[in-house]
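What follows is a set of notes on a single structure, which appears directly below.
The values are calculated or read from the model by the stated rules, or taken from the named source; none is laboratory data. None of these values were measured; they are calculated from a predicted model. Here the Cβ positions follow ideal geometry from the backbone for every residue, glycine too, while neighbour counts run over all protein chains shown.
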Amino acid sequence: MIEVKHITKTYGKKDSVFVALSDISFVIPDGASVAILGKSGSGKSTLMHTMSGLDHPETGEVIIDGQNILALSQKEIDKFRSHKMSFIFQSFFVQAKETCYDNVSLPLEIAGVAPSRRRSKIEAALTAVELIDKKKSKARTLSGGQKQRLAVARAIVNSPQILFADEPTGNLDSVTGAVVEDLLFNYNKQNKITLIVVTHDPDLANRCDIQIHIKDGKIESIEGLK
């Protein structure tokens, strides 16, 4: 379960203060798929960064497995994130000069997984996104859709408990985007992990169990919570 409690995040000082998030609270049950919806500048990406500990609010808590991750030291939160969370972004962020195998290996290296245990995990992740035949290919040789599938493989290789996806299909055509969406939702259902998708796409949001609508840093509505 993820409990977000009274999160307020501001930028700037004195007369130029901008309130990015204002007293945000909600609960996400384990294994749910969640869409955070809003227009550009609404605060949805800031909320994702705060929920994952990538950014720190002025007030509030983010409680995961009974632990307020915002109270952890930087070293502790980095370790927590490397074992519990993964991220997929709109711009792929794959290492162009590295092979697909080495790209997917990176989270395992960060998490301290022994080299002897990496190969089977990497090959399983590449197989899941239908890129095992590209194992030795440089990432720069892939198409846009293949790069995003590689990013998915990299995100799932360490069996995260929570998977964050920030506009994961924003740079893809509709057909390729649908393939990536299916990968994410199938992984969510089959592995019972929590999937949190930041998007402005209502069709993508409608595939999620819960839709959290953000406007001007505040929750406008929450649909799907029981």
Report summary line: Selection from the stretch 177-201 of residues closer than 21 Å to residue 213 by Cα and of a type in the set (A, V, I, L, M) yields 184, 195, 196, 197, 198
Query raised in the report: Could we say that residue 62 is modelled with pLDDT of 90 or more and either in contact with a helix residue (DSSP H, G or I) (Cβ under 8 Å, 6 or more places away or on another chain) or aromatic (Phe, Trp, Tyr) (or both) here?
Result: yes
Query - Any pair with Cβ under 9 angstrom, 6 or more apart, that starts in the stretch 191-211 at a residue that is in contact (Cβ under 8 Å) with a residue 40 or more places away in the chain and farther than 18 Å from residue 88 by Cβ and ends at one that is of a type in the set (Phe, Trp, Tyr) and part of a strand (DSSP E or B) - result: 210/26
**Report entry** Residue selected from the stretch 196-226 under the condition within 22 Å of residue 174 (Cβ to Cβ) and touching a Lys or Arg at 6+ places or on another chain (Cβ under 9 Å), by the criterion surrounded by the fewest Cβ atoms within 10 Å (Cβ to Cβ)
**Finding:** 200
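Okay, residues lined up against (1) surrounded by fewer than 15 Cβ atoms within 10 Å (Cβ to Cβ); (2) more than 25 Å from residue 4 (Cβ to Cβ):
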| site | (1), (2) |
| --- | --- |
| 125 | no, yes |
| 129 | no, yes |
| 154 | no, yes |
| 175 | yes, yes |
| 187 | no, no |
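Tell me which residues, restricted to the stretch 10-40, are part of a helix (DSSP H, G or I) and either polar (S, T, N, Q) or touching a Leu at 6+ places or on another chain (Cβ under 9 Å) (or both).
Listed by number, the list holds a single entry, 16.
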Query raised in the report: Going by the structure shown, is residue 165 closer than 25 Å to residue 194 by Cβ and of a type in the set (A, V, I, L, M)?
Result: yes
**Report entry** Close pairs from the stretch 81-96: first modelled with pLDDT under 85, partner among the polar types (S, T, N, Q) and buried (at least 19 other Cβ atoms within 10 Å of the Cβ), Cβ under 7 Å, at least 6 apart
**Finding:** 92/148
Query raised in the report: Within the bounds of the stretch 170-183, is there any residue that is within 30 Å of residue 114 (Cα to Cα) and either touching a residue at least 60 places away in the same chain (Cβ under 8 Å) or of a type in the set (Asp, Glu) (or both)?
Result: no
**Report entry** Every residue from the stretch 10-34 that is over 18 Å from the mean Cα position of the chain (by Cα) and under 24 Å from residue 205 (Cα atoms)
**Finding:** 20, 21, 22, 23, 24, 25
Report summary line: The condition from (1) within 30 Å of residue 7 (Cβ to Cβ); (2) not in a helix (DSSP H, G or I); (3) not hydroxyl-bearing (Ser, Thr, Tyr) that residue 97 misses is numbered (1)
Report summary line: Over the stretch 63-94, the set of residues aromatic (Phe, Trp, Tyr) and either in contact with a Cys (Cβ under 6 Å, 6 or more places away or on another chain) or not in a helix (DSSP H, G or I) (or both) is 87, 89, 92, 93
Query raised in the report: Looking at (1) buried (at least 19 other Cβ atoms within 10 Å of the Cβ); (2) closer than 19 Å to residue 95 by Cα, which is the only condition residue 164 fails?
Result: (2)
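Being surrounded by fewer than 16 Cβ atoms within 10 Å (Cβ to Cβ), touching a residue at least 24 places away in the same chain (Cβ under 8 Å) and touching an Asp or Glu at 6+ places or on another chain (Cβ under 8 Å): is that true of residue 62 here?
Criteria not met by residue 62.
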Report task. Tell me the helices (runs of 4 or more DSSP H) entirely within the stretch 111-226 that contain at least 2 residues that are over 14 Å from the mean Cα position of the chain (by Cα) and hydroxyl-bearing (Ser, Thr, Tyr). Result -> 115-128, 174-191
